[in-house]
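Remarks on the structure that follows.
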Amino acid sequence: MFKLALASLWNRRGSVWLTIVAIAVSTLLLLGVERIRVQTQENFSNTISGTDLIVGARTGSTELLLSSVFHIGNLSNTLSWQSYEYLQSLPGVTWHIPMAMGDSVHGFPVIATTDALFANFKYGNKRPLSFAAGGGFTEQNEVTIAVLGAEVASERKLSVGDDLIVAHGTGEISFSQHDAHPFHVVGVLKRTGTPIDRGVFIPLTAQGLVHGEYMPAEGSDEHSHEHEHEHEHEPSVEPPVYTLSAVLLGLENPALALRLQRTINTYRGEALSAIMPGLALQNFWRTLSVFERALVAISVLVVITGLLGMLTTLLASLRERRREMAVLRSIGAGPITILGLLVVEAFVVTLVGVALGTAGLYTVLLLGAELLQQQLGIQVSASILTLREIYLLLAILLAATLLSLFPAWRAYRNALADGLTVKL
């Protein structure tokens, strides 16, 4: 029966190939959406790793997360430099990354920080930041220097040695430019696929300088640089900035996070909020689940459309194949054989379509993964099929087999009614 089904399909290869292509495209889309959905969730959860607490002024956890990690939105409150010094003194804190935001470069957020960001910030599976060119703030004798994320450097066509102007505010168009203090690019980070790629990073002293909060020693850029690093390690009565947007904390023992979170949240000196980024990211992802389900529903509908196309093709060919069925009856094929023939044909067409769709997925992933990461920041790997993806493929085969039962039943009835005489 299998050979007979292949011969029959080859005889109608034109329409059969169109059906196979439709199923292959549907399968490719379904698997592609599933792969992107799962790995985007993983990448989203790994936007920041190795950071135990994020601390900011009293606000909602989502607002603090979006501002400090994704650089989206503006926090209405800030925390004082004195609170930052308090956070440094907490037992178990091994590193701290201060962040002050509020400026931009052509819509890209400017984050004032210290070299601790490049040394301690992790993403993905605790991967550190690395430089594609240049370096960090250390060993620079200037105050107004900047390190660019990969996407900023690419879109603005900037590299080490170029100058840029920071604007007040976070919009793409600003009427308040800090053009009295042009910034000199000293480093470009490698692409990470995280919001780091869209950031412009400057020293805290530079932020204080352009906002009039910090005055370097007259005639000594080097002293200004040393003064910045002095603030980085020791409390000072002359901080480079008065307030900070957020502080990232790394702990000696992550198990201390809950206790320190409570200590910070009940700090009497200032109303602070401490969140655990991993938990906050998971909670935030749940709010996006409706879009995730909508995307999956669309891909399922595309698969259903492809299977209905196969069903239409089988039904349309029944009238043309009534003579073929009569000939099969004449050589001893029973109605059950004819029914099985159509089911096998549908199964073979779907199996080939699913195989081509799966092969197409891996072709796209192998050839286009780098392009996806560069253009969209989406990291998708060509890993083996997951158990859920295998179930989806089996579901397509099962659905195709069930759908083929209707034209097979029609062919069965026609074979019984026609006998050896076909009414044309």
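The values are calculated or read from the model by the stated rules, or taken from the named source; none is laboratory data. Quantities reported herein were computed from a predicted structural model and do not represent experimental measurements. FYI the Cβ positions are ideal-geometry reconstructions off the backbone, even for glycines, and counts take in every protein chain you see. What goes into the accessible areas is simple: the full protein's heavy atoms, side chains included, and nothing from ligands, DNA or RNA. Shrake-Rupley method; radii C 1.70, N 1.55, O 1.52, S 1.80 Å.
Pairs under 9 Å by beta carbon, first residue in contact (Cβ under 8 Å) with a residue 12 or more places away in the chain and at negative phi in region 140-155, partner open to solvent by 50 Å² or more (accessible area, probe 1.4 Å) and among the aromatic types (F, W, Y), six or more apart or different chains?
V147/F131
Of all residues in region 113-125, which are in a loop (DSSP other than H, G, I, E, B) and in contact with a Gly (Cβ under 7 Å, 6 or more places away or on another chain)?
D115
All but one of (1) at pLDDT 80 or above; (2) among the hydrophobic types (A, V, I, L, M, F, W, C); (3) surrounded by 13 or more Cβ atoms within 10 Å (Cβ to Cβ) hold for W285; state the number of the condition that does not hold.
(1)
Kindly provide the set of residues from region 286-300 that are out of contact with any Lys or Arg (no Cβ under 9 Å at 6 or more places or on another chain) and not hydroxyl-bearing (S, T, Y), ordered by number.
Across region 286-300, the qualifying residues are R286, L288, V290, F291, R293, A294, A297, I298, V300.
How many residues does region 97-150 hold that are charged (D, E, K, R) and farther than 19 Å from H184 by Cα?
Within region 97-150, residues that are charged (D, E, K, R) and farther than 19 Å from H184 by Cα number 3.
Restricting to region 243-290, what's the tally of residues that are among the aromatic types (F, W, Y) and either part of a helix (DSSP H, G or I) or within 22 Å of I72 (Cα to Cα) (or both)?
Number of matching residues: 2.
Out of region 57-91, which residues are open to solvent by less than 20 Å² (accessible area, probe 1.4 Å) and either touching a His at 6+ places or on another chain (Cβ under 7 Å) or under 18 Å from L256 (Cβ atoms) (or both)?
L87, L90
Can you tell which of G212, G208 is in a loop (DSSP other than H, G, I, E, B) and modelled with pLDDT under 90?
G212
Among the numbered criteria (1) of a type in the set (A, V, I, L, M, F, W, C); (2) open to solvent by 50 Å² or more (accessible area, probe 1.4 Å); (3) not in a helix (DSSP H, G or I), which one does I54 miss?
Only one criterion in (1) of a type in the set (A, V, I, L, M, F, W, C); (2) open to solvent by 50 Å² or more (accessible area, probe 1.4 Å); (3) not in a helix (DSSP H, G or I) is unmet by I54, namely (2).
Out of the residues in region 126-152 that are within 20 Å of the chain's Cα centre (by Cα) and either modelled with pLDDT under 90 or outside any loop (DSSP other than H, G, I, E, B) (or both), state the one that is surrounded by the most Cβ atoms within 10 Å (Cβ to Cβ).
V152
Give region 74-112 a look and list any residue that's outside any strand (DSSP E or B), modelled with pLDDT of 90 or more and of a type in the set (A, V, I, L, M), or say none.
L87, L90 - these are the residues of region 74-112 that are outside any strand (DSSP E or B), modelled with pLDDT of 90 or more and of a type in the set (A, V, I, L, M).
Tell me which residues, restricted to region 374-398, are surrounded by 15 or more Cβ atoms within 10 Å (Cβ to Cβ), modelled with pLDDT of 75 or more and part of a helix (DSSP H, G or I).
Within region 374-398, E389, L392, L393, I396, L397 meet the criteria.
Select from region 165-183 the residues that are open to solvent by less than 50 Å² (accessible area, probe 1.4 Å) and either at pLDDT 90 or above or small (G, A, S) (or both) and list them in ascending order.
Passing the criteria: A167, G169, G171, S174, F183.
Return yes or no: is N120 open to solvent by 60 Å² or more (accessible area, probe 1.4 Å), more than 21 Å from the chain's Cα centre (by Cα) and not acidic (D, E)?
So N120 does not fit the description; no.
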